[in-house]
Amino acid sequence: MHHANHYYGHSHVLARYCGLDPDEVHEIRGYLQHGWNIGDGMAPDHEFTPGIPLFVWSEITRRRAWSLGRRPVHVIGAPWAYLLAMDPITGDEPREGTIYYPFHGWEGQHIVGDHGRLIEEIRATEDGPVTVCLYWQEYRSPRLRRRYERAGFRVICHGYRGGWYKDLDPRFLARQLAEQRRHRRVASNRLCSAIFYGILAGCQPAVYGDPMRLEGERSSFGGQSRIERQWAPLHGRHVDPELARSIAVAELGADRLRSPAELRRLFHWPTPATAASPAPASAPVAVHTPFPSAPAAPHEVSPAKGMAR
C-alpha cells in the first residue's frame, strides 16, 4: 500500500517479528504510523483512501484518530517496541554521555534557528561526551557538521529513512538502537520519536534548548505550544525517569503489542513456512556514518522523493 509504511525500516522490523524475511519488502494492507505526533498518527501531507485501515501506535492516538472521523483504526504499538521485544535491553550495557538529536528539516522546509546557541546550551548542560545525531539532510552539509565537530562533539547520522521504495534501509532502527544503548542520556530541543525511543532503550531523557522551527511552520493540532503544555514533565534538563518511562510506554503502545499471528492477519501477510514466532535477535549493525564519501553540499543532493520527514 503506502510507501511510507517502509520508512526507517518499520515494515522490515515487523516482518522479522512475524517470522518473515526482514530483508524483503512486505506490503501492508493499510497505513502505518511512522512517527510520533500529536494528531491522528498520520503525516498531514499524505492523502488517504477512506475505509483503508490505519495502524497506529497507541490507544491515545486511536482516540484522536476516531475523533477526526478516521475508520477503521487499529492499535498495534510502535515498531521500535517490537524491536526491543526481540532485542531487549539487558541493563548491563556500558553507557556513557549523551546522544543529542537537533530538530531537523526536510526537502520542502528548512530549519530556522541558531545552531551556535544550541551548541552552547548543550556544552553548558552535559557533563560527559556528546554524540550529535543529525538528520541526513543536515549531515550532508559540511559547514553545519563542522560546527558541531569543532565544539568537541562526535557527529553521526543514522542514515536515510527511504521513500517511494528507494533507498530503503531495513536496519535503520537497529543502528539507532545500537547507538542509544551505548549512551546514558538522550536529549533533543523538541520532544520527538527519538526521545521516546531512548526512554524505552534505557536512557535518561531531556528536552531543552532553542526549539527552532521550520520555514512556514504551521501549528497543526496545537503545535509546539501544545506539546510543551501537555507533555511538560518531559521537558527540562533533568526529567523523572520513572514518569518518563510510563509516558513513553503509553505513547509508543509498548503495552499493546500484538502477537505475530495477529499482525499477519491485520496486514494480510502469509504464515511463514518454517515458524510462527519472531525471528531470533541479530547483532546490531554499528554503522555511524552512512555517507563514506565526501558529503555533497545540500544543493547537490538529489535524493528520492519522500526520504525526509
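The values are calculated or read from the model by the stated rules, or taken from the named source; none is laboratory data. As the structure is a prediction and not an experimental result, all values here were calculated from the model. Cβ placement follows ideal geometry from the backbone for every residue including glycine, while neighbour counts extend to all protein chains displayed. Each accessible area value is taken on the protein alone, full model and side chains, heavy atoms only, with ligands, DNA and RNA left out. Shrake-Rupley method; radii C 1.70, N 1.55, O 1.52, S 1.80 Å.
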Filter result (in a loop (DSSP other than H, G, I, E, B) and more than 22 Å from Arg95 (Cα to Cα)) within the stretch 141-170: Ser141, Gly159, Tyr160, Arg161, Gly162, Trp164, Tyr165, Asp167, Leu168, Asp169, Pro170
Flag if Ala254 is assigned to a loop (DSSP other than H, G, I, E, B) and open to solvent by less than 60 Å² (accessible area, probe 1.4 Å): yes
Members of the stretch 1-36 found to be under 14 Å from the mean Cα position of the chain (by Cα), in a loop (DSSP other than H, G, I, E, B) and surrounded by fewer than 24 Cβ atoms within 10 Å (Cβ to Cβ), listed by number: Gly35, Trp36
Only one of Gly35, Gly51, Gly41, Gly30 that is of a type outside the set (S, T, N, Q) and closer than 19 Å to Phe172 by Cα: Gly35
Top-ranked residue in the stretch 86-138 [being surrounded by fewer than 19 Cβ atoms within 10 Å (Cβ to Cβ) and aliphatic (A, V, I, L, M); ranked as modelled with the lowest pLDDT]: Val112
Condition broken by Gly77, with the remaining ones in (1) open to solvent by 10 Å² or more (accessible area, probe 1.4 Å); (2) of a type outside the set (Val, Ile, Thr); (3) at pLDDT 95 or above; (4) in a loop (DSSP other than H, G, I, E, B) satisfied: (1)
Odd one out for Asp169, checked against (1) in contact with a Phe, Trp or Tyr (Cβ under 8 Å, 6 or more places away or on another chain); (2) modelled with pLDDT of 95 or more: (2)
